[in-house]
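These notes concern the structure reproduced below.
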Ligand code: PHE
């Protein structure tokens, strides 16, 4: 057999087999196809027997192709066999729920069509969506990772030392009061009132320089209303290295706010603020992204308070074993709940924490 004839015969056999397979619609006609093409004396095995007469070079050349042909033919046959079988399942004595209760037997023949229809659709399906918190956190994490920060985490159940003492918050500070803090029955344990204890956990590792952000829940013992909840989200940032200044802090925050609100011209304003763990301490406002002349969101002031920040206090660095003569750094804490409410125009914090589907599926 010459090379040219092998290929022509192969082609003809392939076409013949596929046509016969396509025409078979019942088990009986399918069996005819099996006998004609695939059985021991069938056309395909007979054709393949000729391999042994080929020259060694042609065996290497055509052998794999011919074996492959046998394999695919058998696979195609099995697929068709399963399809025909699925279309011919007689289902007898199906009882419906109602029929069962009335003890009536209904005989029927159901045609189960198991072929895949990619265009079919189940009506009234509910699709999930990402919570607005998740969307904003993912975006913030991407922005900070692109600036070289790493994602850090800390537990919500914290020690008094990490949440207050190491953060330079004195023993008699009113924030420690049980009216502000959820103290636990365990000694010196509390639900963290801020994400700032993550600063302590990261600095204590003494792997410098460090640049991290940490998003998470914070707890305060407060009455709930449209703008307060006893649980809310914060985003903490910390960067400690040599020669870090307020300029680095402001540049970082500006970049981040511009990316979140997708406004290249979004400006910030800095006011002095007091937080025991930073010196100087700053309150940072952003120009209202929603108006040009004052609106209800910015209470007609054009500025929205958004971040507490400052340069890490030398006492905090010392408490973590870092030399303040050698290192300096900045820290900031976003009210993440507030940021999300602003970004999506949500006016009641309780909606954000409600888990209500009709609210959540809007995002
Ligand atoms: N932890 C502060 C708060 O809860 C925010 C803050 C973080 C301020 C870091 C300065 C630096 O209000």
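Here are a few things to note about the model shown:
- Added length on full extension, which subtracts the Cα-Cα distance from 0.36 nm per residue, residue 88 to residue 141: 13.5 nm
- Residue order, fewest to most surrounding Cβ atoms within 10 angstrom, among 230, 298: 230, 298
- Gyration tensor verdict on region 216-296 (Cα atoms; rounded if a/c is under 1.5, prolate if a/b is larger than b/c, oblate otherwise): oblate
- For the chain, calculated [θ]222 nm from helices alone, where every DSSP H run of n ≥ 4 adds -39500 (n - 2.57): -11500 deg cm²/dmol
- FRET efficiency, 1/(1 + (r/R0)^6) with R0 41 Å, evaluated for residue 264 and residue 116 via beta carbons: 0.30
- Note on residue 186 and residue 127: with the Förster distance fixed at 45 Å, the Cβ-Cβ geometry gives a FRET efficiency of about 0.60.
- Stretched out straight at 0.36 nm per residue, the stretch from residue 318 to residue 29 would grow longer than its current Cα-Cα span by 95.3 nm.
- Peptides 277-286, 58-67, 16-25, ordered by how many other C-beta atoms sit within 10 Å of their residues on average, highest first, read 277-286, 16-25, 58-67.
- The gain in end-to-end length when the residue 75 to residue 243 segment is fully stretched comes to 53.5 nm, 0.36 nm per residue minus the alpha carbon separation.
- Among 163, 124, 142, residue whose mean-square fluctuation peaks in a GNM of the chain (springs only between Cα atoms under 10 Å): 124
- The angle separating the long axis of helix 56-86 from the principal Cα axis of greatest extent in the chain is about 80 degrees.
- Degrees between helix 246-261 axis and first principal axis of the chain (Cα, 0 to 90, nearest 10): 40 degrees
- Region 268-286 and region 117-189 have Cα centres separated by 22 Å.
- Debye log10 I(q)/I(0) for region 259-363, one point scatterer per Cα, at q = 0.22 Å⁻¹: -1.13
- Prolate/oblate/rounded label for region 126-250 (Cα gyration tensor, a/c 1.5): oblate
- Relative to the dominant Cα principal axis of the chain, helix 3-23 is inclined by about 80°.
- Separation in nanometres of the label points that stand 7 Å from Cα toward Cβ, at residue 51 and residue 274: 8.9 nm
- Taking label positions 7 Å along the Cα-Cβ direction at both residue 205 and residue 359, the computed distance is 3.5 nm, reported to one decimal.
- Region 3-87 - Rg and Dmax from Cα coordinates, angstrom: 13.9, 46
- FRET efficiency for residue 302 and residue 173, using Cβ-Cβ distance with R0 set to 30 Å, rounded to 0.05: 0.35
- For region 132-360, the spread of Cα positions along each principal axis, largest first, Å: 46, 43, 28
Here, each number is a calculation from the coordinates, and none is a lab measurement. In this text the structure is predicted, and so the values were computed from the model without any measurement. All Cβ positions, even for glycine, are placed from backbone atoms using ideal geometry, and neighbour counts span all protein chains on display.
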